[in-house]
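Rule-based calculations on the coordinates, nothing more; no lab input. Treat the numbers as computed from the prediction; the structure is a model and nothing was measured. Backbone-built Cβ (ideal geometry, glycine too); neighbour counts: all protein chains shown.
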Amino acid sequence: MKQILLFSILIYFVCACSNQSSKLLENQILYYGGDILTMSGDKPNYVESIVTNSDTIVFVGRLLEAKQLFPNAAQTNLNGKTLLPGFIDAHAHFAGFPSQSIGAQILPPPDAGANNIDALIQILKDWSTPENIELTGWIFGMGFDDSVLEDKRFPTREDLDKVSTEYPVMIVHISGHFCVVNSKGLEILKLTAESPDPEGGIIRRIPGTKEPNGVLEELAAIPFMPMVLGPKSEEAIKVFLTAGQNMALSYGYTTVQEGRAMPSSHLFLEYAAKTNFLKLDVVSYIDYSVADSLLKTDWYSSTYKNHYRIGGIKLTLDGSPQGRTAWRTKPYLIPPDGAEEGYLGYPAIPLDEDVENIYESAFQNNWQIHTHANGDRRRNDSKFKKSYR
């Protein structure tokens, strides 16, 4: 009986090892026939071949040796193409990749066809199918650029009302620091003539009135964007995650950054991690305004959990040069709409004391801090004139 039991155990282990071995063989891929650049050392280092097993490189070296050691590996001829290690993104906003991929393609030529406001309106109309609107409840697109539009101006609520008055519309500027909404969007966001400009942001107004014209700058825009452009169902979340991740992978990125995560951005990425959806590594830097709550969780770590982690906090000191909100020492040559001569842009956080307290908190907690500062104005400059409207 003992002999039969022992024989059965041996058979089990042999079969298990055999199955494991066959799986290993199935997952082995030999790459050759191109410029394989390892990026190791101080000088370019090329090799003839590499062999991978699932997500691990198991061989780097001569092609003949690779074929001898791994005779059953699937072979991929690069046909002269270059093979590099995965790229590590130094600064981007991964949570916005899905919206860029899925939304109306309102980039200017050659990336898309939004060369003027009429074309932009038509692109948004063409995109506005029930299936697309259902993803977020909004008609949206990312990447318009007023500096290259033939009209040489920002679209306004009046322009976007031509897309729809039934559904809210939001378009995001190429800088990521501005958005424009239609009348329905202003209604949903509860922005009216009585709404004050938030600190570090501006609600542009219809000339001669206090009525919003639909253009929102900096901190009048940024808190709304992740809420509006977030998927509204579990199915939509999967659509967004797939599109955003595939976009990053298509450019060779294996580590990406969410450079200014708001709570909704973090929840989106946390869901992706918890459901094992991520194929690449994502590191978030949480906006300083909500850092305390999120950096005291297990997600704040030097190691990834299911491909996600929080790496520290993000502090934004001013705006963008594209939108002419970066804080400068010399006036902008052409002030933006509604600004006075001598306009310098403006800080996101006017008081030095508040900025110092944010840094002090980060240092005390040993939180890595990323700082956005596009303009050349120093915090200790003499008192700046509030030259914006």
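Exposure proxy for 218, 234: other Cβ atoms within 10 Å of each Cβ, ordered fewest to most, give 234, 218.
Between [x] 1.23; [y] 1.85; [z] 1.72, which entry matches Cα Rg over 2.2 N^0.38 Å as derived from the coordinates of this structure? For Cα Rg over 2.2 N^0.38 Å, the calculated option is [x]. Residues whose amide H lies under 5 Å from that of residue 58, counting only those 5 or more places away or on a different chain, are 51, 52, 53; hydrogens are built 1.01 Å from N in the peptide plane.
Please give the residues of the stretch 239-267, grouped as numeric ranges, whose backbone N is less than 16 Å from a label point set 7 Å along the Cα-to-Cβ vector of residue 91. Within reach of a label on residue 91, which here means backbone N under 16 Å from a point 7 Å along Cα→Cβ, the stretch 239-267 contributes 256-261.
For the stretch 193-262, the list of trypsin sites (Lys or Arg not before Pro) that fall in a loop by DSSP and count at most 10 other C-beta atoms within 10 angstrom is empty.
Taking a ≥ b ≥ c as the square roots of the eigenvalues of the Cα gyration tensor of the stretch 234-372, is the shape rounded (a/c under 1.5), prolate (a/b larger than b/c) or oblate? Don't skip to the answer; put the middle values down first.
Working: a/c = 2.74, a/b = 1.54, b/c = 1.78.
Here the stretch 234-372 falls in the oblate category.
Across the stretch 97-228, C-alpha contacts under 8 Å between residues 6 or more apart give a mean separation that, scaled by the residue count, equals a relative contact order of 19 percent. Taking every DSSP beta bridge that has both ends in the stretch 221-325, the antiparallel portion is near 10%. Entry note, the chain: relative contact order of 11 percent, from Cα contacts under 8 Å with a spacing of 6+ residues.
Computed about the Cα centre, the dipole magnitude for the stretch 98-241 is approximately 140 debye when only Lys and Arg (+1) and Asp and Glu (-1) carry charge, each at its Cβ.
Note the full-extension length gain between residue 359 and residue 234 as 0.36 nm times their separation in residues minus their Cα-Cα distance, in nm to one decimal. Walk me through the intermediate numbers first.
Values: separation 125, 0.36 × 125 = 45.00 nm, distance 3.73 nm.
Result for the pair: 41.3 nm of gain on full extension.
Once backbone amide H atoms are built at 1.01 Å from N, residue 219 has 201, 202 as its partners under 5 Å, excluding neighbours fewer than 5 places away on the same chain. Each residue of the stretch 247-258 was assigned a 3J(HN,Hα) from its phi angle through the Karplus curve 6.51 cos²θ - 1.76 cosθ + 1.60 (θ = phi - 60°); the sequence is 5, 5, 5, 5, 9, x, 7, 10, 9, 10, 10, 9 Hz, with glycine and proline shown as x.
Between the DSSP loop rule and a limit of at most 13 other Cβ atoms within 10 Å, which chymotrypsin sites (Phe, Trp or Tyr not before Pro) in the stretch 196-296 are left? It would help to have the intermediate numbers written out before the result.
Working: sites: 224, 240, 251, 253, 268, 271, 277, 285, 288; in loops: 224, 251, 277.
Passing sites in the stretch 196-296 are 251.
Counting only DSSP beta bridges with both residues in the chain, what percent are antiparallel, rounded to the nearest 5?
Details: 24 of 56 bridges.
The antiparallel proportion sits near 45 percent.
Annotation: extensible slack from residue 148 through residue 45 equals 32.9 nm (criterion: 0.36 nm per residue apart, minus Cα-Cα distance). Here's the picture: charge each Lys and Arg Cβ at +1 and each Asp and Glu Cβ at -1 in the chain, and of 46, 231, 216 the one pushed furthest to the positive end of that dipole is 46. What pairs from 279/314; 162/330; 190/238; 232/305; 43/81 go past 27 Å between their alpha carbons? Beyond 27 Å between Cα atoms: 162/330; 190/238. Structure remark: mean-square fluctuation, Gaussian network model of the chain, C-alpha springs under 10 Å; the largest value among 374, 116, 79 belongs to 79. Comparing Cα centroids, the stretch 197-215 and the stretch 233-259 end up 34 angstrom apart. Based on C-alpha pairs under 8 angstrom that are at least 6 apart in sequence, the stretch 239-389 has a relative contact order of 20 percent.
What is the gain in length, in nm to one decimal, between residue 161 and residue 193 on full extension, counting 0.36 nm per residue of separation less the C-alpha to C-alpha distance?
Details: separation 32, 0.36 × 32 = 11.52 nm, distance 1.81 nm.
Extra length available between residue 161 and residue 193 comes to 9.7 nm.
Helix 117-127 and the long axis of the chain differ in direction by around 50°, with both axes built from C-alpha atoms. The Cβ shell under 10 Å around residue 298 holds other residues with a net charge of +3, Lys and Arg each +1, Asp and Glu each -1. When the Cα convex hull of the stretch 289-364 is projected onto planes of every orientation, the mean area is 7.4 nm².
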